[in-house]
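J.: Here you go, one structure.
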């Protein structure tokens, strides 16, 4: 755990809930994220900011793992963005040379529409840029992305047809909304081909016991919270192993990386990150299907 300044009290659930000025309203995950979509990319979500920082290391490492595979499978890769939200990671996948096909799966139709629009604009911009270049050396492969609404819970671990046989599954800050780690990792395993890689991050259970994903509705001032579960790293590692997924990276060369907020990190994460100094808030890792 990060060092806590002497003058700062450890945050508790009671103190965190008491800091909400409006009412706290609990909605289904789909309803909450449909509402959240209007401000999701602009409301200063510090955990999303931290996740974006960590993805700069995790995604290239996942690609290196695929490229180093001694099997007969070579790029271009097929990737699934499981719980793609507004397309934060989908756009990063679109700009990864080794990835050609991307399937974005999302529970919230309104979040997914924003992701779809963002990716369309990104591809349109790249298409215009290519048309402006005249060199014959440009061998860029046209990347494709499709989207589909998907409820992991009601699907009972079944993978939608377009997502089957994926080389890479990326799922960040999604597991919190799934009731059991078993459902999540069985779903991912059913999407991946043998040797495929899963990149998974989530809110740490230490933070999950104090708070959960949510936002302040700017129209009402109320705190909106979707359904949330605090999964421990230990449960995650065990469930992944049971689903046939081998932990291959996260903290250096192996293990799951866990991140606590200290004063330096809080400055990078913005105003909302400062109250979380001393709390472990995030974890992430990479798994390979055996």
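Nothing in this text is a laboratory measurement; each read-out follows from the coordinates by a stated rule. Keep in mind the model is a prediction, meaning the values are calculated, not measured. Cβ placement follows ideal geometry from the backbone for every residue including glycine, while neighbour counts extend to all protein chains displayed.
J.: How much length is gained if the chain between residue 95 and residue 155 is pulled fully straight, taking 0.36 nm per residue apart and subtracting their Cα-Cα distance, in nm to one decimal?
T.: Using 0.36 nm per residue and subtracting the Cα-Cα distance, I get 18.6 nm.
J.: Another question about this same structure. Could you rank the peptides 117-124, 260-267, 173-180 by their average count of other C-beta atoms within 10 Å per residue, with the highest value first?
T.: Output ranking for 117-124, 260-267, 173-180: 173-180, 260-267, 117-124.
J.: Okay, next question. Can you compute the FRET efficiency between residue 144 and residue 234 using 1/(1 + (r/R0)^6), with r the Cβ-Cβ distance and R0 = 51 Å? Round to the nearest 0.05.
T.: 0.85
J.: Please report how far the C-alpha centroid of the stretch 177-193 lies from that of the stretch 29-84, rounded to the nearest whole angstrom.
T.: If we compute the Cα centre of each part, the gap is 16 Å.
J.: Another question, if that's okay. Only bridges whose two residues both fall in the chain count here: according to DSSP, what percent of them are antiparallel, nearest 5?
T.: In the chain, approximately 40 percent of DSSP beta bridges are antiparallel ones.
J.: For helix 233-242, report the angle its Cα long axis makes with the longest principal axis of the Cα atoms of the chain; keep it between 0 and 90° and round to the nearest 10°.
T.: For helix 233-242, the angle is close to 30 degrees.
J.: How high is the FRET efficiency between residue 64 and residue 39 when r is their beta carbon distance and R₀ equals 30 Å, given to the nearest 0.05?
T.: So the FRET efficiency works out to roughly 0.25.
J.: Given points 7 Å out from each Cα along the Cα-Cβ axis, report the residue 128 to residue 242 separation in nanometres with one decimal.
T.: Roughly 5.1 nm, to one decimal.
J.: If a/c stays under 1.5 just call it rounded; otherwise compare a/b with b/c (prolate if a/b is bigger, oblate if not). Do that for the chain, with a ≥ b ≥ c from the square roots of the Cα gyration tensor eigenvalues.
T.: Taking the square roots of the gyration eigenvalues as a ≥ b ≥ c, the chain is prolate.
J.: For 147, 184, 283, what ranking results if the residue with the fewest other Cβ atoms within 10 Å of its Cβ goes first?
T.: Ordered by Cβ neighbours within 10 Å, fewest first: 147, 283, 184.
J.: Do the sum for the chain: with -39,500 (n - 2.57) for every DSSP H run of n ≥ 4, divided by all residues, what is the mean residue ellipticity at 222 nm, to the nearest 500 deg cm²/dmol?
T.: The helix-only estimate for the chain comes to -10500 deg cm²/dmol at 222 nm.
J.: Taking a virtual spin label 7 Å from the Cα of residue 52 along the C-beta vector, which residues in the stretch 260-277 bring their backbone nitrogen under 18 Å of it?
T.: Residues passing the 18 Å test: 265-274.
J.: I've got another one for you. With everything on Cα atoms, drop me the angle between helix 46-67 and the longest principal axis of the chain, reported from 0 to 90° to the nearest 10.
T.: 30
J.: Now for a separate question. I'd like the orientation of helix 181-191 relative to the chain: the angle between its Cα long axis and the longest Cα principal axis, in ° from 0 to 90, rounded to 10.
T.: 10
J.: Another one. Whole number please: convex hull volume per residue, Cα atoms of the stretch 149-290, in Å³.
T.: 128
J.: What is the gain in length, in nm to one decimal, between residue 267 and residue 209 on full extension, counting 0.36 nm per residue of separation less the C-alpha to C-alpha distance?
T.: Result for the pair: 18.5 nm of gain on full extension.
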